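Have a look at the structure below, then the notes.
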Amino acid sequence: MIWLLLLLLVSPAQAQPRSGYLDAGPDSRAMQDDDTANPAFLWVEQGKVLWGSLGCGGCHGDVATMRGVAARYPKYDAVLGRPVSLARRIATHRAVPDSEDMLALLAVIGLQSRGLPLAIDISGPARPSYEAGKALFHRRQGQLNLACANCHDDLAGRHLGGAVIPEGHPNGYPIYRLEWQALGSLERRLRQCVVGVRAVPWADGSRELADLEFFLGARAAGLVVETPAVRP
Amino acid sequence: MARTLINVKKTLTRGEAFEIRLLIAHPMESGQRRDSNGQVIARDIINRFSCTYNDMLVLEATLFPAISANPYLSFWAVATETGSIVMTWTDDHGTVQTERVEVTVSA
């Protein structure tokens, strides 16, 4: 009760982003709250094994040294002149055999930052990428002619079929999705949204996707990392 | 993928009820789905599960389709003696997997 009053008193004029956790339903939330019931931890365990077997630990030491890293990604790379996702950052300096292994690494690295606020730096030379991502977020596309913003800004909290439309934040990825019965990446989630409006998804590794994900990260500022989250 | 996550409190007092929790990586293919060519995907589920505590049966279960992939199992036992908890399961391919957890019980 006191908390509620405090929240009411301090709630800022500018809206605080709302984590998709709150819209996921009580069953998914209960799974996410209990690491022993969250199937994503099967991938976390695999990630720990890979951290050793792929030699990551040889240079980086314990995986705990990755605390804070996932909260800063996607990160603008001044040399490449574009934002890079955490997956790309890993893949550019170390070969990772397949996408399941990459998911496992993202899960265990993301977990190290759990509870830390997202801290995407969009200052200086990164700004144009943020603006490009923002423009994509507001651009209508596909046969249904809908922009991300139409659903995730304008209609967030309303229903689409059986699902509550969340604000569309990336802070829990990779997620264990019950519908997929597997851990899946942010890119997989975005593909579903894009196909949902009957548009052609951006290619993995494309500049558009990099800018859009960069914008999504910055748009979620104020939320904490929840990796690996659970969704219905 | 790591095949199993088992959570059991390992130091117990005699008479204490304790929970045994498992997450098992398994596709639990129901046998009712079709692949993109329309072919039925063969059923592959964990069909038997059992757990013993110092060779005493704690739980034996027959599992059926319509259980999600990567199933979560949880059940309780009562601490009696120091010893081992052994969990064994079998799937439709006949693959048998056994996991063991040692627990220490004090008076």
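The values are calculated or read from the model by the stated rules, or taken from the named source; none is laboratory data. These numbers come from a predicted model, not from an experiment. As a convention, Cβ positions derive from the backbone with ideal geometry for all residues, glycine included, and neighbour counts pool all protein chains shown. Side chains included, ligands, DNA and RNA excluded: accessible areas come from the protein's heavy atoms. Shrake-Rupley method; radii C 1.70, N 1.55, O 1.52, S 1.80 Å.
Of everything in the stretch B:3-22 that is over 14 Å from B:SER84 (Cα atoms) and of a type in the set (D, E, K, R), the residue that is nearest to the other protein chains (Cβ to nearest Cβ) is B:ARG21. Restricting the stretch B:8-42 to residues that are modelled with pLDDT under 95 and among the basic types (Lys, Arg) leaves a set whose member that is nearest to A:THR36 (Cα to Cα) is B:ARG33. Can you find a residue that is of a type in the set (Asp, Glu), part of a helix (DSSP H, G or I) and open to solvent by 40 Å² or more (accessible area, probe 1.4 Å) anywhere in the stretch A:163-176? So far as the stretch A:163-176 goes, no, none of its residues is of a type in the set (Asp, Glu), part of a helix (DSSP H, G or I) and open to solvent by 40 Å² or more (accessible area, probe 1.4 Å). For the stretch A:191-227, filtering for residues that are assigned to a helix (DSSP H, G or I) and open to solvent by less than 30 Å² (accessible area, probe 1.4 Å) leaves 11. Close Cβ contacts (under 6 Å, 6 or more residues apart or on different chains) running from residues in the stretch A:161-181 that are over 12 Å from A:LEU106 (Cβ atoms) to residues that are modelled with pLDDT of 95 or more and of a type in the set (Val, Ile, Thr) comprise A:ASN171/A:VAL225; A:TYR176/A:VAL230. Flag: A:ARG188 matches the condition of being open to solvent by 30 Å² or more (accessible area, probe 1.4 Å) and within 17 Å of A:ARG88 (Cβ to Cβ). Of all residues in the stretch B:56-68, those satisfying the criterion of being touching a strand residue (DSSP E or B) at 6+ places or on another chain (Cβ under 7 Å), open to solvent by less than 60 Å² (accessible area, probe 1.4 Å) and more than 23 Å from B:THR104 (Cα to Cα) are B:ALA61, B:LEU63. Looking across the stretch A:173-205, the residues that are away from chain B (no Cβ under 14 Å) and touching a Leu at 6+ places or on another chain (Cβ under 9 Å) come down to A:TYR173, A:SER185, A:LEU186, A:GLU187, A:LEU190, A:GLY196, A:VAL197, A:ARG198, A:ALA199, A:PRO201, A:TRP202, A:ALA203. Report yes if B:ARG48 is within 16 Å of A:GLN181 (Cα to Cα) and open to solvent by 30 Å² or more (accessible area, probe 1.4 Å), otherwise no. So B:ARG48 does not fit the description; no.
Listed here are the residues, each with its yes/no results for (1) touching a residue at least 12 places away in the same chain (Cβ under 8 Å); (2) not polar (S, T, N, Q).
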{"site": "A:TYR21", "(1), (2)": "yes, yes"}
{"site": "A:PRO26", "(1), (2)": "no, yes"}
{"site": "A:GLY55", "(1), (2)": "yes, yes"}
{"site": "A:MET66", "(1), (2)": "yes, yes"}
{"site": "A:ALA107", "(1), (2)": "yes, yes"}
{"site": "A:GLN112", "(1), (2)": "yes, no"}
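Test B:PRO71 against the stated conditions and say whether it is in contact (Cβ under 8 Å) with a residue 40 or more places away in the chain, open to solvent by 30 Å² or more (accessible area, probe 1.4 Å) and closer than 22 Å to A:MET31 by Cα. No. Within this structure, B:VAL101 passes the test of being within 14 Å of another protein chain (Cβ to nearest Cβ), open to solvent by less than 40 Å² (accessible area, probe 1.4 Å), in contact (Cβ under 8 Å) with a residue 12 or more places away in the chain and part of a strand (DSSP E or B). Of B:ARG34, B:ARG43, all but one fail to be within 23 Å of A:LEU42 (Cα to Cα) and open to solvent by 60 Å² or more (accessible area, probe 1.4 Å); the exception is B:ARG43. Scanning the stretch B:23-46 for residues that are among the polar types (S, T, N, Q) and touching a residue at least 24 places away in the same chain (Cβ under 8 Å), we see that the one that is farthest from the other protein chains (Cβ to nearest Cβ) is B:GLN32.
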